[in-house]
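The structure appears below as structure tokens.
Each value in this text was obtained by applying a stated rule to the coordinates, not by laboratory testing. All of these numbers come straight from a predicted model, not from anything done at the bench. FYI the Cβ positions are ideal-geometry reconstructions off the backbone, even for glycines, and counts take in every protein chain you see.
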Amino acid sequence: MLVARRLYLYFVAGVSLAVLATGLVNLLELGLQVIWEALTGSQVIVQPPDAVRRELSLYSALTAVALPIWLLHWWLTERLLTPTRAEAEVERRSLIRGLYLALLLLVAFLFWANAALDLLQRAFAAILDVSEPFTAQPVAESIIGQLAMLLVLGGTWIYHAWIVLRDRRVGTLSGGADWLPRLYLYVGAAFGLVTLLVGASQLIQALVDALFGVGEVVAGDLRRTLAQGAAQLLGGFVVWSLHWGYSLGLRGQQDWRGEHERRSLLRWVYLYLGVFAGVALTLGALAVSLAELFRWALGVGVGDTSQRLRDIVEPPAQMLPVTLLWLYHRRQIHHEAESIPEAGWRVSVGRLIGYLSALAGLAFASAGLALLLGLLFDLLLGGNRVAVLPPDLWRDEISGYAAVTLVGGLAWLWYWYAALRRMAADPVAERASLSRRAYLYIVLAATIVGLLGSLAVVLYRFLGWVLGITGGASLISDISVALGVVIVAGLLLAYHVLTLRQDLREVAERLPAERTVRLTLRLPNDVDPEQAVEELRRHLPPGVELEVAR
């Protein structure tokens with residue numbers, strides 16, 4: 001019954017708040033338009049007077065109806081926190097309340113953040129004297145609309161963020177009430193981080209183009225790029241700092257909130273995703289730069305030396321902020337692992353980073369090598385794909401595939417060599433680690449799926465050739481890439497299967513048959529020790545024994 005009541009109260013509160021926000025945003029927009037027209041004497045929107053009155057009537061009605069409904073239902077939800085301390089704790093820890101607050105924070109955040117970014121972009125455009133509008137919408141109308149959105153949705157976000165902070169201050173949260181708002185926190189941090197990186201990359205691109213004096217960026221376009229990049233850089237930094245800074249402060253607290261934050265799975269997933277994305281994007285930028293160098297060496301394409309140098313320098317330069325953020329997240333992971341008292345945690349963290357990075361490098365190397373082999377098969381066996389392409393085009397493809405293979409292969413070798421060094425220092429711990437097993441099984445699953453798909457393509461095309469549907473040259477072109485995938489996936493599968501078998505054999509031979517772990521059981525004076533031990537025995541997994549030392 002209590003769950004049904006919660007569902008009703010939070011659902012109606014959410015719907016009525018959405019209607020209320022819609023009415024308030026549009027009423028505020030109309031009010032700001034009137035003030036603007038009174039101050040400047042210019043009409044923002046050219047429309048009949050009765051249209052303005054109709055909009056005023058509609059949004060006033062929405063606000064007047066939704067406001068009391070939301071106030072009533074939100075008051076009823078807040079009353080659930082007041083009867084007794086135990087009932088208030090149950091309400092604060094409810095999954096429904098946590099989901100409501102997390103969704104509301106996320107939706108309000110996306111609206112006000114985008115409105116703020118648009119206003120920042122227009123402010124930088126005005127500073128840099130970019131005369132062209134960013135959209136077809138009139139400038140004054142767009143600014144007023146975004147300002148109204150920022151004020152209403154920003155106020156809504158601030159109020160509910162205060163509600164979440166109040167709930168966390170009052171008592172210990174668990175379950176969905178604890179991790180759902182934290183999920184929003186890391187989504188907001190990721191949104192700000194991506195926005196920051198995009199803005200920084202745009203500014204670096206504009207700087208590189210200006211330094212080399214090439215590209216299609218004219219004076220007006222350069223100013224517009226600078227305005228967009230500066231707005232995203234500043235706005236993204238503020239949003240990321242707001243969310244990530246709060247999480248760092250939360251982690252440093254010495255109560256249950258800090259303990260939950262330090263051990264939060266969401267936090268570690270966020271950090272590891274930052275490392276993996278940083279490695280992948282950095283490798284991609286290096287591959288693009290190296291491919292341009294190969295094209296230059298092979299004489300592919302046209303352009304002067306300045307244009308060529310710009311094409312080589314620009315990709316890694318644009319990815320420099322990503323690389324810095326990758327290194328920051330990597331350092332942060334090691335720093336936070338040091339504060340966790342369990343032995344071996346820091347080693348496990350470094351191991352997981354290594355295998356994630358090796359996985360990214362292997363993905364690049366295998367994809368590039370499979371495509372490169374496919375193109376070489378087509379070229380050597382007389383397929384029609386290369387025959388109909390201009391020489392510059394297939395040399396261009398070879399340059400790209402070779403660069404991806406080289407960059408990914410070197411990255412994989414670097415991190416795999418580090419894994420071999422760890423294994424030499426502690427063979428059992430390394431071979432039995434969850435990170436290594438996950439890496440091996442992910443590679444095995446990916447290679448088997450690749451083999452299944454590519455072998456099916458080869459058989460399908462071969463049967464079509466046998467039945468006279470396609471010719472010999474067409475057959476070679478149709479199966480060349482699939483054959484490349486078969487060879488690469490087969491080699492990777494064989495190597496990693498042998499590695500896994502060796503791991504399993506070595507672990508089985510070196511691990512002792514039994515391990516003894518000494519535990520200390522502290523009990524209140526009024527608890528029977530024998531009864532407590534028997535209760536523990538009933539919950540032990542099969543094969544585990546509990547003995548009491550006398």
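How high is the relative contact order of the chain? Use alpha-carbon pairs under 8 Å, at least six apart in sequence, and give a whole percent.
RCO, the chain: 11 percent.
Taking a sphere under 13 Å around the Cβ of Ala231 and counting the other residues whose Cβ falls inside, with K and R at +1 and D and E at -1, yields a net charge of +2.
Remark: the chain projects, on average over all directions, an area of 38.8 nm² (convex hull of Cα atoms). With the charge dipole of the chain set up from +1 on Lys and Arg Cβ and -1 on Asp and Glu Cβ about the Cα centre, the Cα lying farthest toward the positive end among the listed residues Val288, Ala411, Tyr460 is that of Ala411. Couplings 3J(HN,Hα) of segment 397-411, computed from phi: 5, 4, 4, x, 5, 5, 5, 4, 5, 5, 5, x, x, 5, 5 Hz, in residue order, whole Hz [Karplus 6.51 cos²θ - 1.76 cosθ + 1.60, θ = phi - 60°; x for Gly and Pro].
Using a 10 Å cut-off around each Cβ, can you sort Met423, Met149 from fewest to most neighbouring Cβ atoms?
On the way: Met423 17, Met149 22.
The fewest-first ordering by Cβ neighbours comes to Met423, Met149.
Note on the chain: helix-only mean residue ellipticity at 222 nm, from DSSP H runs of 4+ residues weighted -39500 (n - 2.57) and normalised by residue number, equals -29000 deg cm²/dmol.
A simple rule links phi to the HN-Hα coupling: the Karplus curve 6.51 cos²θ - 1.76 cosθ + 1.60 with θ = phi - 60°, which for segment 184-196 gives 4, 4, 7, 5, x, 5, 5, 4, x, 5, 5, 4, 4 Hz, with x for Gly and Pro.
Descending by average beta-carbon neighbour count within 10 Å, the peptides 58-66, 16-24 line up as 16-24, 58-66, the highest first. Taking amide hydrogens as placed 1.01 Å from N in the peptide plane, the amide H of Ile340 sits under 5 Å from that of no residue at least 5 positions away in sequence or on another chain.
Taking the charge dipole of segment 282-510 about its Cα centre, with +1 at Lys and Arg Cβ atoms and -1 at Asp and Glu Cβ atoms, the residue from Leu373, Ser477, Ser435 reaching farthest to the positive side is Ser435. For segment 275-377, GluC sites (Glu not before Pro) meeting the loop criterion (DSSP other than H, G, I, E, B) and having at most 16 other Cβ atoms within 10 Å: Glu342. Let me know the shape class of segment 219-309, please: from the alpha-carbon gyration tensor, a ≥ b ≥ c as square roots of the eigenvalues, rounded when a/c is under 1.5, otherwise prolate if a/b is greater than b/c, or oblate. Taking the square roots of the gyration eigenvalues as a ≥ b ≥ c, segment 219-309 is oblate. Under Stokes-Einstein, with the Kirkwood radius over Cα pairs standing in for Rh, what whole-number D in µm²/s applies to segment 282-510 at 10 °C and 1.306 mPa s? Value of D from the Cα-based Kirkwood radius: 79 µm²/s.
In terms of the Cα gyration tensor, with a ≥ b ≥ c the square roots of its eigenvalues, is segment 157-278 rounded because a/c is under 1.5, prolate because a/b exceeds b/c, or oblate?
Because a/c hits 1.5 or more and a/b exceeds b/c, segment 157-278 counts as prolate.
The label point for Thr323 and the one for Ala494, both projected 7 Å from the Cα toward the Cβ, are 3.6 nm apart. Using r as the Cβ-Cβ distance of Val170 and Trp75, and R0 as 22 Å, what FRET efficiency do you calculate, to the nearest 0.05? Plugging the Cβ-Cβ distance into 1/(1 + (r/R0)^6) gives 0.75. Can you give the log10 of the normalised intensity I(q)/I(0) at q = 0.26 Å⁻¹, computed with Debye over equal Cα scatterers of segment 412-497? Results for segment 412-497 at q = 0.26 Å⁻¹ read -1.18.
Sequentially through segment 162-172, phi angles give Karplus couplings (6.51, -1.76, 1.60; θ = phi - 60°) of 5, 4, 4, 5, 5, 4, 6, 6, 6, x, 6 Hz, Gly and Pro residues having no value and appearing as x. Each of Val65, Ala177, Ile448 was placed along the dipole of the chain (beta-carbon charges, centred on the mean Cα), and the one lying farthest toward the positive end is Ala177.
With the simple spin-label model, which puts each label point 7 Å out from Cα in the Cβ direction, the Gln531 to Glu259 separation comes to 2.6 nm.
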